[in-house]
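Here is the structure we will look at.
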Amino acid sequence: MLKRGYRRPRHEIAPRKNPHNKHDAEAIFKQNLRCLRRTISHPLSLISLSHLSLFPLFLSPSPSHKTRPSIAGARGSAQEARAARRRRQAAAVGLAAGRFRGGIFSAFAGAGEGSGSAARKAPQIERTLVCSLEELYKGATKKMKISRDVLDAHGRPTTVEEILVIDVKPGWKKGTKITFPEKGNEMRNLIPSDLVFIIDERPHGVFKRDGNDLIVTQKVSLVEALTGCTVQVTTLDGRTLTIPIRSIISPNYEEIVQGESMPITKEPSKKGNMRIRFQIKFPSRLTTDQKAGIQQLLS
């Protein structure tokens with residue numbers, strides 16, 4: 001197949017068919033023959049390609065059907081003929097390189113010159129992975145099913161399904177990214193994109209997260225705020241904490257419980273703090289005697 005691609009242009013540039021410029025015709029003929037031999041001996045020539053018959057575009061311009069091919073392409077001196085021939089060969093190389101970019105011709109250029117355009121990578125794909133506060137507290141395993149296109153041995157896209165496993169670590173925060181390299185669609189001359197999952201937190205009914213701390217709000221009466229009380233809090237892992245409040249509770253007061261919050265990812269043995277805030281319930285009305293009693297106590 002490769003030899004057939006060379007046969008027609010090799011005959012057209014034969015010295016016997018170019019008597020007016022026999023010297024240049026003989027040089028081009030030998031160049032064509034040497035290139036054919038190098039191509040056949042090259043390991044890449046073993047690859048079966050349907051476009052190899054057009055490979056002579058690199059070596060000689062396409063002849064006209066009306067006139068015999070001239071090595072110079074114009075009448076004149078041998079110097080003008082060589083210049084015209086170089087221009088046509090450069091145009092032929094440009095045409096072939098444009099038509100077969102990314103194919104066997106770029107492989108030959110890379111093998112011979114040590115250069116070639118690097119494949120471009122597709123932009124990354126981002127998806128949100130929603131987790132409950134309990135999952136981020138204790139850790140969890142998430143399985144994500146994806147479908148993507150992959151190229152078969154003939155370069156045709158085929159849709160496949162995959163299961164990606166994500167091990168959510170205790171203490172991960174909103175915005176944490178998990179990257180699966182090159183799990184996007186496969187396309188010719190393009191490196192598949194990375195698939196990135198971004199952690200998001202589902203709102204919790206009791207706790208609000210602030211970094212590594214958890215905030216919980218408890219309701220107390222005015223009497224409890226002034227005289228003290230005991231509050232109970234159920235943790236994310238199901239334990240019940242009984243916490244005595246001995247200080248006077250003001251509107252901005254917080255009770256801090258050390259080490260009863262979210263795990264710290266980089267320091268697994270440590271946890272944040274639980275911050276208890278209070279909502280004070282004031283009485284809607286007081287009797288005259290109650291008001292007098294309060295005045296007497298607080299004055």
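What is the order of LYS208, LYS271, fewest Cβ neighbours within 10 Å to most? List each step's numbers first, then the result.
Working: LYS208 15, LYS271 20.
Ascending Cβ contact count within 10 Å gives the list LYS208, LYS271.
Could you sort out which of LYS138/LYS208; LYS138/LYS271; LYS143/LYS266 sit more than 18 Å apart by Cα distance in this structure? Mind dumping the intermediate values first?
Numbers: LYS138/LYS208 16 Å; LYS138/LYS271 12 Å; LYS143/LYS266 24 Å.
Exceeds cut-off: LYS143/LYS266.
Sort the stretch 120-201 into rounded, prolate or oblate with this rule: let a ≥ b ≥ c be the square roots of the eigenvalues of the Cα gyration tensor; rounded if a/c is under 1.5, and if a/c is not under 1.5, prolate when a/b is larger than b/c, oblate otherwise.
Numbers: a/c = 3.86, a/b = 2.31, b/c = 1.67.
In terms of gyration-tensor shape, prolate.
Testing the spin-label approximation: label points 7 Å from Cα along Cα→Cβ at SER299 and LYS143. State their distance in nm.
Going by the 7 Å Cα→Cβ label model, 7.4 nm.
Can you work out the FRET efficiency for the pair GLU267 and GLU162, with r the C-beta to C-beta distance and R0 = 41 Å, to the nearest 0.05?
Numbers: r = 34 Å, r/R0 = 0.83.
It comes to 0.75.
What does the extension gain come out to for ARG34 and GLU182, with contour length at 0.36 nm per residue minus their alpha carbon separation?
Numbers: separation 148, 0.36 × 148 = 53.28 nm, distance 4.22 nm.
Between ARG34 and GLU182, full extension yields 49.1 nm more.
Residues with beta-carbon under 13 Å from that of VAL150, excluding VAL150: net charge, scoring Lys, Arg +1 and Asp, Glu -1?
Value of the local net charge: -2.
Please rank PHE282, PHE207, fewest neighbouring Cβ atoms within 10 Å first, as an exposure proxy.
Numbers: PHE282 8, PHE207 23.
Exposure proxy ranking, most exposed first: PHE282, PHE207.
How do the peptides 291-297, 221-227 rank, highest first, by the average count of neighbouring beta carbon atoms within 10 Å per residue?
Details: 291-297: 10.3, 221-227: 14.7.
Highest to lowest by the protection proxy: 221-227, 291-297.
Taking the inverse of the average 1/r across all pairs of different Cα atoms in the stretch 215-299, what Kirkwood radius in Å do you get?
Numbers: mean 1/r = 0.0667 Å⁻¹.
The answer is 15.0 Å.
Given an 8 Å cut-off on Cα distances and at least 6 residues of separation, report the relative contact order of the stretch 120-201 as a percent. Intermediate values should be presented prior to the final figure.
Details: 173 pairs, mean separation 34.4, N = 82.
Result for the stretch 120-201 is 42 percent.
Going by C-beta contacts inside 10 Å, put SER284, SER261, SER193 in order with the fewest on the left. Each step should come with its number before you reach the end.
On the way: SER284 5, SER261 25, SER193 20.
So the residues, fewest neighbours to most, are SER284, SER193, SER261.
With no solvent and one point per C-alpha, what does the Debye sum give as log10 I(q)/I(0) for the stretch 183-264 at q = 0.14, 0.18 Å⁻¹?
Relative scattering, expressed as log10 I(q)/I(0), comes to -0.63, -0.88.
Among 179-185, 158-164, 122-128, how do they line up by average Cβ neighbours within 10 Å per residue, starting with the highest?
Values: 179-185: 15.1, 158-164: 10.4, 122-128: 12.4.
Per-residue Cβ counts within 10 Å, averaged per peptide and sorted highest first, yield 179-185, 122-128, 158-164.
Cβ under 12 Å from PRO170's Cβ, PRO170 left aside: what net charge do those residues give with Lys, Arg +1 and Asp, Glu -1? Show your work: numbers first, answer last.
On the way: positive: LYS138, LYS169, LYS173, LYS266, LYS270, LYS271; negative: GLU134, GLU135, ASP167, ASP237, GLU267.
Within the 12 Å Cβ shell, the charges total +1.
So how far apart, in nm, are the two label points at LYS173 and VAL150 if each is 7 Å from Cα heading toward Cβ?
Roughly 3.7 nm, to one decimal.
Take every Cα pair under 8 Å in the stretch 137-263 that's 6+ residues apart, average their separations, divide by the length, and report that relative contact order as a whole percent.
Numbers: 183 pairs, mean separation 23.9, N = 127.
It rounds to 19 percent for the stretch 137-263.
Readers should treat all values here as calculations from the given coordinates under stated rules, not as data from a laboratory. From a predicted model like this one, the values you see are computed outputs, not experimental measurements. Glycine also receives a Cβ, built like all others from the backbone with ideal geometry; neighbour counts cover every protein chain displayed.
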